Amino acid sequence: PILSVVAPPLVSPEGAVAIPDATGAGLAAAASLLDAAGDVPVTVHLDPEIITATRDSGDPAAGSQLTSLLSAVGAKPVLRSSWVPVDLESCAASGSVASFQASLPAGEKALADALGRAPDGNIWPPDPTLGPQGIGWLRSSGVRHLVLDSDQVADAKELGDDAGTTQRFRVDAADSGLDGLVVDPVVDDR
């Protein structure tokens with residue numbers, strides 16, 4: 001299972017930081033869920049901007065919620081993420097690699113600074129913008145596994161009754177080196 005902790009942009013174009021109550025509540029809820037999960041192997045997907053914006057906001061309540069979340073994460077695997085969400089497919093289609101190349105290391109650094117360790121760079125978190133053209137960028141940045149929603153995967157008749165949600169499958173060309181993992185909607189809902 002993957003626990004995603006994401007939020008809309010928290011830093012305005014003018015540089016002002018505001019942590020909405022819903023974001024703080026999301027941090028607290030994620031910490032509680034991870035504490036309750038115990039030894040369940042949960043992978044965490046943290047929005048790097050939440051970490052930095054919460055620290056920079058000076059909001060003591062949000063800061064406390066972030067500290068609780070990072071403590072609850074502990075040694076659980078954390079997926080790397082770009083600093084802000086980047087529409088990979090649009091960037092790839094337009095050839096605008098610069099925004100992705102700037103956002104990815106900034107996100108990795110923010111996560112590494114907060115966690116005291118590097119995030120897992122082999123797996124790309126659920127990304128609704130990912131399409132066929134963005135895959136090459138991820139592969140070149142060291143990604144080997146993609147977490148996909150079922151609507152991002154084409155039907156494959158040769159699987160018969162197996163929907164493909166219980167096994168790995170190749171993404172892109174057969175020799176691409178990228179595996180796909182489809183999010184199980186039942187596990188995701190729970």
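For the reader, a short list of remarks on this structure follows.
This table checks each residue for (1) at pLDDT 85 or above; (2) out of contact with any Gly (no Cβ under 9 Å at 6 or more places or on another chain); (3) loosely packed, with under 14 Cβ neighbours inside 10 Å.
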| residue | (1), (2), (3) |
| --- | --- |
| Pro128 | yes, yes, yes |
| Pro132 | no, yes, yes |
| Ser141 | yes, no, no |
| Leu159 | no, yes, yes |
| Asp179 | no, yes, no |
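- Identity of the residue in the range 23-48, in a helix (DSSP H, G or I) and within 23 Å of Glu108 (Cβ to Cβ), that ends up most open to solvent (accessible area, probe 1.4 Å): Gly26
- Subset of the range 109-142 [under 14 Å from Cys91 (Cα atoms) and among the aromatic types (Phe, Trp, Tyr)]: Trp137
- Residues in the range 114-133 that are in contact (Cβ under 8 Å) with a residue 40 or more places away in the chain and either on the phi > 0 side of the Ramachandran plot or in a helix (DSSP H, G or I) (or both): Ala114, Leu115.
- Test: Ala61 is assigned to a helix (DSSP H, G or I), among the hydrophobic types (A, V, I, L, M, F, W, C) and farther than 25 Å from Leu148 by Cα: yes
- Hey, Pro20 in contact (Cβ under 8 Å) with a residue 12 or more places away in the chain, out of contact with any Phe, Trp or Tyr (no Cβ under 9 Å at 6 or more places or on another chain) and either open to solvent by 40 Å² or more (accessible area, probe 1.4 Å) or among the aliphatic types (A, V, I, L, M) (or both) or not: yes
- Evaluation of Leu70 against (1) modelled with pLDDT of 95 or more; (2) farther than 24 Å from Ala18 by Cβ (one fails), failing number: (2)
- Cβ-Cβ under 8 Å pairs, at least 6 apart or on other chains, the range 69-91 side within 10 Å of Val44 (Cα to Cα), far side open to solvent by less than 30 Å² (accessible area, probe 1.4 Å) and assigned to a loop (DSSP other than H, G, I, E, B): Lys76/Val42; Val78/Pro119; Leu79/Pro119; Leu79/Pro125; Arg80/Pro119; Arg80/Gly121
The values are calculated or read from the model by the stated rules, or taken from the named source; none is laboratory data. All of these numbers come straight from a predicted model, not from anything done at the bench. Note that each Cβ is placed from the backbone with ideal geometry, even for glycine, and that neighbours are counted across all protein chains shown. Side chains are part of the model used for accessible areas, which takes the heavy atoms of the whole protein and leaves out ligands, DNA and RNA. Shrake-Rupley method; radii C 1.70, N 1.55, O 1.52, S 1.80 Å.
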